[in-house]
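No lab work stands behind these numbers, since they all come straight from the coordinates. As the structure is a computational prediction, the values presented were derived from the model and not from experiment. FYI the Cβ positions are ideal-geometry reconstructions off the backbone, even for glycines, and counts take in every protein chain you see.
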Amino acid sequence: MVDLPRLHFAHLPTPVEALPVLSDHLGGPRLMVKRDDQTGLAFGGNKTRKLEFLVADALARGADLLITGGAAQSNHRRQTAAAAAKLGLSCTLVLAGDPPKHASANLILDQLLGADLVWTTNDARDATMARVETEARAAGRTPYLIPYGGSNEIGALGYVFAMEELVAQGHQPDWIVVASSSGGTQAGLTVGARLFGFQGRILGISIDKPEVELSCDIVAELATRTARHLGEDLTFTAADILANDRYLGGGYGVMGAPEIEAIRLFARTEALLLDPVYTGRAAAGLLDLIRQGFFKPDETVLFWHTGGTPVLFADRYAGEIVGK
Ligand SMILES: *Cc1c(COP(=O)(O)O)cnc(C)c1O
């Protein structure tokens, strides 16, 4: 395995906790949670682990400016702004959509953390990021472009070593259930499982990819690239990846009744806070699978919490979560 540059600003290892009240309430299986909502960078989340490798790579290349993009309430954007602030780098964030009249949740934090915001349309996102990068270079800066969700072979390394961490904590659940969108988290876990002897299965609940084949292809391809980047000659195919695309609801960022139910149930049984976009949807999928008897009653299922909790306070969701 190649030794790749990494920074250490995450609060690791994140705790693994049992969820006895929720498990009882549902009549099994045995539920646990990996608290990556507690990774410690500006309210935490899964992007912290990715950014330890991405920002280390940026610094190794002499970057003085991080550029990334994301949806209206992107956690990746907030955490990139936080990492930039901590490392003394500038940060430009490209946002798709219209600026809201009042900022809330992550959009407040992006600005509080000192990032510059550039608004664009959905279609022009990539072009705008490229333009921001070109203009920065022309102005004598050294920009470093981080892809959406931090999901490339560098960012995914964060989850290769997150799996090493879980195994070292002595946990071998039968299942890991995790929200999956740009795929870096699941890809990293998949590589880590192979490298560090994780025996269980990893099920990605798709947040926004309409076809399970597409999710599996994206994750397998990224897992292979990530392993190669680490100097490991491993190949992953779609057959190595488990994904579920039945919980897409109204589409990305649309919180419906299943997400609200999951958010309330986790809060009221375990005081565990989920988010409306990712973990609420993944947990809704988990609840449905449990009710269908997908897991055996004596199995252990670890829900990998990927963060996003500041979005509970976004104007768009807050009223609906508690009822009007
Ligand atoms: C980005 C994000 C995810 C998805 O992770 P990917 O690596 O993009 O699949 C899941 N949960 C939260 C809270 C996120 O912010």
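Some observations on this one:
- Spacing of the two label points (7 Å from each Cα toward its C-beta) at Arg61 and Arg141, in nm: 1.5
- Neighbours of His8 by Cβ distance under 12 Å: Lys/Arg scored +1, Asp/Glu scored -1, total +2.
- Note on the stretch 1-68: Cα Rg divided by 2.2 N^0.38 Å, N the number of residues, gives 1.55.
- Largest GNM mean-square fluctuation across Leu234, Leu166, Leu65, computed for the chain with C-alpha springs under 10 Å, falls on Leu234.
- Principal axis extents of the Cα atoms in the chain, from largest to smallest and rounded to whole angstrom, are 61, 53, 34.
- From the C-alpha gyration tensor of the stretch 140-227, square roots of 5λ in Å: 23, 17, 10
- Exceeding the 27 Å Cα-Cα cut-off - candidates Lys50/Lys296; Lys86/Lys209; Lys47/Lys209: Lys50/Lys296; Lys86/Lys209
- Relative contact order for the chain: 21 percent, from Cα pairs under 8 Å spaced at least 6 residues apart, divided by residue count.
- Residue with peak Gaussian network fluctuation, the chain [Cα springs, cutoff 10 Å], from Gly249, Gly308, Gly88: Gly88
- For the stretch 79-217, taking Cα atoms only, Rg and Dmax work out to 18.0, 53 Å respectively.
- In the chain, helices alone account for a calculated mean residue ellipticity at 222 nm of -13000 deg cm²/dmol, with every DSSP H run of four or more residues adding -39,500 (n - 2.57).
- Count Lys and Arg as plus one, Asp and Glu as minus one, and take only other residues whose Cβ is under 12 Å from that of Asp288; the net charge is then +1.
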